[in-house]
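Comments concern the structure below.
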Amino acid sequence: MPIPFIAQTAFDGLSSIPYAYSGLKVVACLCLIALLKSYFGGAQHTADGVLHSKVIMITGGTSGIGSSIAADLAQRGAQIILLTKYSPSDLFLVEYIEDLRAKTNNELIYAEQVDLSSLHSIRLFATKWVDNAPPRRLDMVILCASTQNPRSSSGSGKTKYTVDGLDEEWQVNYLANYHLLSILSPALRAQPPDRDVRVIFAGCAGYIGGKLDFNALEEYTSLSSMAAGTTTTSPKSKKSKPSTSSTTISRKPPMFATSKLALLTFARSFQSHLSAYSRPDKQPPNARVLVVDPGLSRTPGTRRWITRGSLWGLLVYLLTWPLWWLILKSPQQGAQSFLMAVLEMGFSAEAVHAVSAAENIAKNAGNGDKKRATSTTAAVAAVEDVSKLAGVGMGIEKGKIIKECKERDVLRPEIMDDNVAKELWEFSERQIEAREKEGAVLRALEKKEREAWEKEKKEKEKEKEQAKGNGGEGIEVSGSKGNKTKAPGSRRSRKAK
Ligand SMILES: NC(=O)c1ccc[n+]([C@@H]2O[C@H](COP(=O)([O-])OP(=O)(O)OC[C@H]3O[C@@H](n4cnc5c(N)ncnc54)[C@H](OP(=O)(O)O)[C@@H]3O)[C@@H](O)[C@H]2O)c1
């Protein structure tokens, strides 16, 4: 078939073949689409490996990119702990975990309730995790959860607040991660020295538009001060607390971008915090902090952002779906850089130590002390290790973000500024402390109220029962505490006979 076709084209020209030009145009179009799709699909990681026995905690593992990461890691044999805002008995969650277990042939997938929009919920989980002797195994924490309020970023003025009275984007995207890691930090540092511990943050190119103005941050991020003059009720004062409430706010920087900038700044100082720890066994620190930017992907979060959370937006999105299919990555493609951060040997603390050992050797050789430097077998082995590694990751410590499976420089100088990092750390500590204190007082008040209400209810029921007894055949007489004597003829005394 192809030979007569080629022969006819050669002798009689392409025009002699019916629909040849149309066919060629279609083929050219398909090739162009395939090329664009492959370009926008981004890079694929090449790292490989199994993760049997590793314990990996992941936030946002129930949807979008986080869900793809969780599935891939489970398939490689890791034990997965999904931190979700729902209770582990939630029907959706139970079904999701059962599906994931069946799909990945891995039974070691569990869920823990950690609502990132509640500081109390984070503390309950993290303290329970840390209060364990000996310390539990924890190889990795992947922080993928996020929230984006499309209306707030579009400047239309609607802001959502959490139960702690903080901007939802600020709390879920940044402060919750700070809180969770601050409490989990001893558990991370207590891992044996030969364990490859990694903390992976989900960054976003949006951080470039963030603004860390510490004089105004409390005002921008909290309900009480921002809402002065615009609202009179705080979500905390409501009896049945919804998880979020809305109010109208003006003059605010883009909070999603600011929360991501804060997250990246914190990621670097968290690495310094982990590295500064002096281990009792005198071994070098073994935890690495990495930041990944997955690139624009077709996830529920992105859909909400594109549609601006409206039905009209959804309609337009559905009508233009082929365009989004072409230019946005699938969640699996978005997960590639995360998988590289998890699997690539060059990102381990061990690789970093090997590099610094090699650097020392080079320095000593440069100082003319070559003999002494090379005589250290450990150092020589370290150099060999380095040469075996495909590439050593610098991590956020050196101002690098993993994007398209490559390390790129961060684009905001604040991230590398120790003073900004210190100020942010202290600010976050203060904000959490204040909000947790308020929360504790409110919970105590609520408890008291509930107890008083229950007591009242019980008394009313008792009165009702007594009234019933009075209206009946006998009178019930209360004796000493908990010891009731029944009047003869009462229903109870008859029952007792
Ligand atoms: N998608 C992109 O184009 C893109 C681009 C750059 C960076 N990123 C970053 O990559 C990460 C993953 O993005 P994505 O688009 O896959 O996210 P997504 O689809 O919006 O999913 C967000 C996840 O966060 C969880 N979450 C939200 N609020 C929570 C709370 N209060 N407590 C606990 N969990 C909560 C959600 O849980 P539920 O499912 O239970 O609601 C969900 O699993 C994010 O950090 C995002 O900023 C994404």
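Structure notes:
- Some residue of the range 54-69 being over 26 Å from Trp325 (Cα atoms), touching a residue at least 12 places away in the same chain (Cβ under 8 Å), in a loop (DSSP other than H, G, I, E, B) and more than 16 Å from the ligand (Cβ to nearest atom): yes
- Flag if Ser337 is part of a helix (DSSP H, G or I) and touching a residue at least 40 places away in the same chain (Cβ under 8 Å): yes
Table: residues versus (1) surrounded by fewer than 18 Cβ atoms within 10 Å (Cβ to Cβ); (2) touching a Leu at 6+ places or on another chain (Cβ under 7 Å); (3) on the phi > 0 side of the Ramachandran plot.
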site: Glu169; (1), (2), (3): no, no, no
site: Val172; (1), (2), (3): no, yes, no
site: His179; (1), (2), (3): no, yes, no
site: Pro186; (1), (2), (3): yes, no, no
site: Ile200; (1), (2), (3): no, yes, no
site: Cys204; (1), (2), (3): no, no, no
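- Just one of (1) in contact with a Leu (Cβ under 9 Å, 6 or more places away or on another chain); (2) at pLDDT 95 or above fails for Leu264. It is (1).
- Residues being within 10 Å of the ligand (Cβ to nearest atom) and surrounded by fewer than 21 Cβ atoms within 10 Å (Cβ to Cβ) - total across the range 330-345: 0
- Residue within the range 363-371 that is modelled with pLDDT of 70 or more, more than 30 Å from Arg268 (Cβ to Cβ) and outside the structural domain of Tyr174 (by TED's automatic domain parsing) present: no
- Checking Arg268, Arg304, Arg288 one by one, the residue that is at negative phi and surrounded by fewer than 19 Cβ atoms within 10 Å (Cβ to Cβ) is Arg304 and no other.
- Boolean, Ile415 is under 22 Å from Ala257 (Cα atoms), in a helix (DSSP H, G or I) and assigned by TED's automatic domain parsing to the domain that holds Leu119: yes
The values are calculated or read from the model by the stated rules, or taken from the named source; none is laboratory data. Predicted model only: the values in this text are computed from it and were never measured. Methodologically, a virtual Cβ is constructed for each residue, glycine included, from the backbone with ideal geometry; neighbour enumeration extends over all protein chains shown.
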